[in-house]
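Colleague: So that we are looking at the same thing, I have put the structure below in structure tokens.
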Number of protein chains: 2
Amino acid sequence: MYLCFDLGGTNIKAGIIDEVGNIHIKKNIPTKVEGNLEGVLQQFKEIAEMLIQETNINSEQIRGIGLGVPGFVEMEEGFITEAVNLGWHDVPISKKLAEYVHYPSFVINDANAAALGEMWRGAGQNHKDLLCITLGTGIGGGVIVNGRIHNGTGGYAGEIGHIHVKQDGRQCNCGKIGCLETEASANALAYYGEKAAADGESALLASIREKTGSVTSKDVVDAARQGDAASLRILDTAAYYLGRTLANIYMVIAPKRIVIGGGLAAAGDILFDLINKWFNAYSFEHLKGQHIIFPAELGNDAGMIGLAKLVDAGLQTS
Amino acid sequence: MYLCFDLGGTNIKAGIIDEVGNIHIKKNIPTKVEGNLEGVLQQFKEIAEMLIQETNINSEQIRGIGLGVPGFVEMEEGFITEAVNLGWHDVPISKKLAEYVHYPSFVINDANAAALGEMWRGAGQNHKDLLCITLGTGIGGGVIVNGRIHNGTGGYAGEIGHIHVKQDGRQCNCGKIGCLETEASANALAYYGEKAAADGESALLASIREKTGSVTSKDVVDAARQGDAASLRILDTAAYYLGRTLANIYMVIAPKRIVIGGGLAAAGDILFDLINKWFNAYSFEHLKGQHIIFPAELGNDAGMIGLAKLVDAGLQTS
């Protein structure tokens, strides 16, 4: 059994997962960010005790801990270079964690954890070369080569949300302009939806905005489904940036599958059809008949399941 | 000792290389393309006999053959999917080769061979994660992950020349429009140089064209070095597409080094400075102080040396 913590700025997803990927218990607990590092580690300790108690699992059955963090991780050293949302940088997290919870621990970027999960038990099953992307507020990615996460120098591999896609694009949190994330994330859809409502381009979005006070990415997707022209254009533009970027990434790593998850992926066929259209437009001719882009299958559990895989593989090689 | 054949549409570079990468003999021999597959295989046999004879090496000292081909290769199967310039497709090359030369053989794409060479004995020495690109008539690439070539699905990894970079770009041989190769290769420089000469934008290029009948990429680089404004603009535009694309690829695989070789790389600092300028403009802030882009060191021998490494590694694991 493995203890898994998928740490976010808002919530910690915690669970106990076995060596074949079955979740025995899971909890969603608000992150005590104000307590900072020591506070969060203390929280891990308490959650671990709670999970073990509630499942009646013998604590000796727990063989290791998997920790996913929203930031850049040096996996081999168990070191967090930077986790912006948590305000952490240069944290030797494995060493610190050992003071609180006494199991061998393995640390990974959260998008990479989700990628491992999809490879093990989700849409990437039985494939060793994958690109997994998470379309949420931002856009994250995980590159799997030969069955293992390719972490890259300083943990920077898979940062596909910060690929430059638009010359006069929006300012990104990362400091750059016109990143994929500013043009094709849920956040981008909401931004361009708000804009269409304000500019009078979409009466439907304007009425939603009047009722609810804002336009969400889900509003844009729903409006597009109802045939709202401005919303369709917004969705198609996001899909254009995604599809073209995925075609370009394909030229670099030629994964067996590209797996897309995250909140925005819930839009389903209307989004995937558009992404495929643009992916095909910018791909080699011979790829056109092939099915390469797949929706993720594990939803919010992908990260936790991937963490179990990380511990499983880590214990086998250590 | 390893027999290495770096097969091109025009020439075969052939040699005998030892297990530490020293070249004992090398030859450059025109490819008998008109003889097609069987003709080239027969040629390999004759070249092998000639090389062994000329070096007085005992044929039993030869432990294997490395073959680099300009095309898509399924490395594990020793299978060529397609080699456009040779007119070959779906060739079980390792099996065929065994009928002519009786050593275990290993096959690889030529740009990937050069990448292995640079990792082993060149600018990528002591690094396990690399992107190596070849700037020549076209643009090729090799992705090295954890010390091994990442070949990708169908051998399509590292095809960075066909990353889409320009919306209204030129028609590429691959069938797509606005590929990196059509905007930043030696061929692209020559094309835009010819154009500047014809359009009256550069008196210097026009006079070269009058004298020699054409404008080459070397003419454009030389003219840029002399301060010719149009040539500088052409070089800077190519560097913009290269630098931005390399920054984007960095987001995906975060290699330790990016190694650039090929005929156009001989332009040296004037080109590398411009590439670095644009790479930095599209990279994360923290990368700016780092030295990531390096010129290749092995010149035309990179491929052959990489082939020796391929055979060396292949024999060790088989």
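The values are calculated or read from the model by the stated rules, or taken from the named source; none is laboratory data. Please read these numbers as outputs of a predicted model, since none were measured by experiment. Neighbour counts run over all protein chains shown; Cβ positions are idealised from the backbone, glycine included.
Colleague: Could you tell me which residue of the stretch A:82-121 is surrounded by the most Cβ atoms within 10 Å (Cβ to Cβ), considering only residues that are among the β-branched types (Val, Ile, Thr) and over 30 Å from A:Phe294 (Cβ atoms)?
Modeller: A:Ile93
Colleague: Considering only residues of the stretch B:145-155 that are within 10 Å of chain A (Cβ to nearest Cβ) and part of a loop (DSSP other than H, G, I, E, B), which is farthest from B:Ala238 (Cα to Cα)?
Modeller: B:Asn146
Colleague: Determine, yes or no, whether B:Ala247 is touching a His at 6+ places or on another chain (Cβ under 9 Å), under 28 Å from A:Arg244 (Cβ atoms) and crowded, with 17+ Cβ neighbours inside 10 Å.
Modeller: Yes.
Colleague: A further question follows. Looking for something more than 10 Å from every other protein chain (Cβ to nearest Cβ) and either over 16 Å from B:Ala302 (Cβ atoms) or of a type in the set (Lys, Arg) (or both) - is there at least one such residue anywhere in the stretch B:116-127?
Modeller: In the first step, residues of the stretch B:116-127 are kept if they are more than 10 Å from every other protein chain (Cβ to nearest Cβ); the result is B:116-126.
Pick out the ones that are also either over 16 Å from B:Ala302 (Cβ atoms) or of a type in the set (Lys, Arg) (or both) and you get B:121, B:126.
Yes: one or more hits.
Colleague: Just to check your reading of the model, which residue among B:Gly158, B:Gly175 is within 10 Å of chain A (Cβ to nearest Cβ), part of a loop (DSSP other than H, G, I, E, B) and surrounded by 24 or more Cβ atoms within 10 Å (Cβ to Cβ)? Talk me through it step by step, then tell me what you get.
Modeller: Details: B:Gly175 fails: surrounded by 24 or more Cβ atoms within 10 Å (Cβ to Cβ).
Result of the check over B:Gly158, B:Gly175: B:Gly158.
Colleague: Taking the stated definitions as given, is B:Ala224 part of a helix (DSSP H, G or I) and within 14 Å of chain A (Cβ to nearest Cβ)?
Modeller: Considered against the rule, which asks whether it is part of a helix (DSSP H, G or I) and within 14 Å of chain A (Cβ to nearest Cβ), B:Ala224 comes out as no.
A quick yes/no check of all residues on (1) touching a Lys or Arg at 6+ places or on another chain (Cβ under 7 Å); (2) on the phi > 0 side of the Ramachandran plot; (3) in contact (Cβ under 8 Å) with a residue 12 or more places away in the chain:
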residue: A:Gln226; (1), (2), (3): no, no, yes
residue: A:Ala230; (1), (2), (3): no, no, yes
residue: A:Thr245; (1), (2), (3): no, no, yes
residue: A:His291; (1), (2), (3): no, no, no
residue: A:Gly299; (1), (2), (3): no, yes, yes
residue: A:Met304; (1), (2), (3): yes, no, yes
residue: A:Leu310; (1), (2), (3): no, no, yes
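Colleague: I've got another one for you. What is the one condition in (1) touching a Phe, Trp or Tyr at 6+ places or on another chain (Cβ under 7 Å); (2) more than 11 Å from chain B (Cβ to nearest Cβ); (3) of a type in the set (Val, Ile, Thr) that A:Thr182 does not satisfy?
Modeller: Of the numbered conditions (1) touching a Phe, Trp or Tyr at 6+ places or on another chain (Cβ under 7 Å); (2) more than 11 Å from chain B (Cβ to nearest Cβ); (3) of a type in the set (Val, Ile, Thr), the odd one out for A:Thr182 is (1).
Colleague: How many residues does the stretch B:161-172 hold that are free of Cβ contacts under 8 Å to residues at least 40 places away in the same chain and within 11 Å of chain A (Cβ to nearest Cβ)?
Modeller: The number of residues fulfilling the criteria is 5.
Colleague: Might you let me know whether the stretch A:79-93 holds any residue that is in contact (Cβ under 8 Å) with a residue 12 or more places away in the chain, in contact with a Pro (Cβ under 6 Å, 6 or more places away or on another chain) and over 26 Å from A:Ile249 (Cβ atoms)?
Modeller: Among the residues of the stretch A:79-93, at least one is in contact (Cβ under 8 Å) with a residue 12 or more places away in the chain, in contact with a Pro (Cβ under 6 Å, 6 or more places away or on another chain) and over 26 Å from A:Ile249 (Cβ atoms), which makes the answer yes.
Colleague: Hey, another quick one. Of all residues in the stretch A:178-191, count the ones that are touching a residue at least 40 places away in the same chain (Cβ under 8 Å) and either assigned to a helix (DSSP H, G or I) or in contact with a Lys or Arg (Cβ under 7 Å, 6 or more places away or on another chain) (or both).
Modeller: 8
Colleague: Name every residue in the stretch B:161-172 that is modelled with pLDDT of 95 or more, assigned to a loop (DSSP other than H, G, I, E, B) and under 21 Å from the mean Cα position of the chain (by Cα), in order of residue number.
Modeller: Once the filter is applied, which keeps residues that are modelled with pLDDT of 95 or more, assigned to a loop (DSSP other than H, G, I, E, B) and under 21 Å from the mean Cα position of the chain (by Cα), the stretch B:161-172 yields B:Ile163, B:Val165.
Colleague: Please determine, by comparing only the residues of the stretch A:239-251 that are closer than 21 Å to A:Ala123 by Cβ and of a type in the set (A, V, I, L, M, F, W, C), which one is farthest from the other protein chains (Cβ to nearest Cβ).
Modeller: Within the stretch A:239-251, the match that is farthest from the other protein chains (Cβ to nearest Cβ) is A:Ala239.
Colleague: Go through the stretch A:51-100 and give me each residue that's among the charged types (D, E, K, R), under 23 Å from A:Lys309 (Cβ atoms) and assigned to a loop (DSSP other than H, G, I, E, B).
Modeller: Within the stretch A:51-100, A:Arg63, A:Glu76, A:Glu77 qualify.
Colleague: When the residues of the stretch B:134-144 are filtered to those that are of a type in the set (A, V, I, L, M) and more than 23 Å from B:Gly78 (Cα to Cα), which remaining residue is nearest to the other protein chains (Cβ to nearest Cβ)?
Modeller: B:Ile139
Colleague: So, of the residues in the stretch B:250-267 that are in a strand (DSSP E or B) and among the hydrophobic types (A, V, I, L, M, F, W, C), which turns out to be surrounded by the most Cβ atoms within 10 Å (Cβ to Cβ)?
Modeller: Across the stretch B:250-267, the extreme among qualifying residues is B:Val259.
Colleague: Separate question: Of (1) within 30 Å of B:Gly142 (Cβ to Cβ); (2) within 18 Å of the chain's Cα centre (by Cα), A:Ala247 satisfies all except one. Which?
Modeller: Exception for A:Ala247: condition (2).
Colleague: Can you find a residue in the stretch A:217-231 that is in contact with a strand residue (DSSP E or B) (Cβ under 8 Å, 6 or more places away or on another chain), of a type in the set (A, V, I, L, M) and at pLDDT 95 or above? Steps first, please.
Modeller: Step one: list which residues in the stretch A:217-231 are in contact with a strand residue (DSSP E or B) (Cβ under 8 Å, 6 or more places away or on another chain), which gives none.
No: the stretch A:217-231 contains no residue that is in contact with a strand residue (DSSP E or B) (Cβ under 8 Å, 6 or more places away or on another chain), of a type in the set (A, V, I, L, M) and at pLDDT 95 or above.
Colleague: So, in the stretch B:57-79, how many residues would count as being within 16 Å of B:Ile93 (Cα to Cα) and either modelled with pLDDT under 90 or not hydrophobic (A, V, I, L, M, F, W, C) (or both)?
Modeller: 9
This table checks each residue for (1) surrounded by 17 or more Cβ atoms within 10 Å (Cβ to Cβ); (2) under 30 Å from A:Gly152 (Cα atoms); (3) more than 24 Å from the chain's Cα centre (by Cα).
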{"site": "A:Lys45", "(1), (2), (3)": "no, no, yes"}
{"site": "A:Ala48", "(1), (2), (3)": "yes, no, no"}
{"site": "A:Glu54", "(1), (2), (3)": "no, no, yes"}
{"site": "A:Asn58", "(1), (2), (3)": "no, no, yes"}
{"site": "A:Ile65", "(1), (2), (3)": "yes, yes, no"}
{"site": "A:Phe72", "(1), (2), (3)": "yes, yes, no"}
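Colleague: Scan the stretch A:268-290 for residues that are part of a loop (DSSP other than H, G, I, E, B), of a type outside the set (Lys, Arg) and farther than 27 Å from A:Asp222 by Cβ and jot them down.
Modeller: Residues satisfying the conditions are A:Tyr282, A:Ser283, A:Phe284, A:Gly289, A:Gln290.
Colleague: Let me ask something additional. For the stretch A:1-24, enumerate the residues that are surrounded by 17 or more Cβ atoms within 10 Å (Cβ to Cβ) and of a type in the set (A, V, I, L, M, F, W, C).
Modeller: Our first condition is that a residue be surrounded by 17 or more Cβ atoms within 10 Å (Cβ to Cβ); within the stretch A:1-24, this holds for A:1-8, A:12-17, A:21.
Selection gives A:Met1, A:Leu3, A:Cys4, A:Phe5, A:Leu7, A:Ile12, A:Ala14, A:Ile16, A:Ile17.
Colleague: Looking at (1) within 14 Å of another protein chain (Cβ to nearest Cβ); (2) under 23 Å from A:Gly262 (Cα atoms), which is the only condition A:Asp90 fails?
Modeller: (2)
Colleague: Would you check which residues across the stretch A:239-264 are small (Gly, Ala, Ser) and either touching a Phe, Trp or Tyr at 6+ places or on another chain (Cβ under 8 Å) or under 19 Å from B:Ile177 (Cα atoms) (or both) and list them?
Modeller: Answer for the stretch A:239-264, where residues must be small (Gly, Ala, Ser) and either touching a Phe, Trp or Tyr at 6+ places or on another chain (Cβ under 8 Å) or under 19 Å from B:Ile177 (Cα atoms) (or both): A:Ala239, A:Gly243, A:Ala247, A:Ala254.
Colleague: Another question, then. For the stretch B:1-28, which positions are in a loop (DSSP other than H, G, I, E, B) and within 22 Å of B:Ala83 (Cα to Cα)? Walk me through how you get there before you give the answer.
Modeller: So in the stretch B:1-28, the residues in a loop (DSSP other than H, G, I, E, B) come out as B:1, B:8-10, B:18-22.
Of everything in the stretch B:1-28, those that are in a loop (DSSP other than H, G, I, E, B) and within 22 Å of B:Ala83 (Cα to Cα) turn out to be B:Gly8, B:Gly9, B:Thr10.
Colleague: Is it the case that some residue within the stretch B:33-56 is among the acidic types (Asp, Glu) and at pLDDT below 90? Quick ask: steps written out before the conclusion?
Modeller: Filtering the stretch B:33-56 down to residues among the acidic types (Asp, Glu) leaves B:34, B:38, B:46, B:49, B:54.
Subsequent filtering for residues that are at pLDDT below 90 retains B:34.
Yes: the stretch B:33-56 contains one or more residues that are among the acidic types (Asp, Glu) and at pLDDT below 90.
Colleague: Being buried (at least 24 other Cβ atoms within 10 Å of the Cβ), at pLDDT below 95 and under 22 Å from A:Ala115 (Cα atoms): is that true of A:Gly140 here?
Modeller: So A:Gly140 fits the description; yes.
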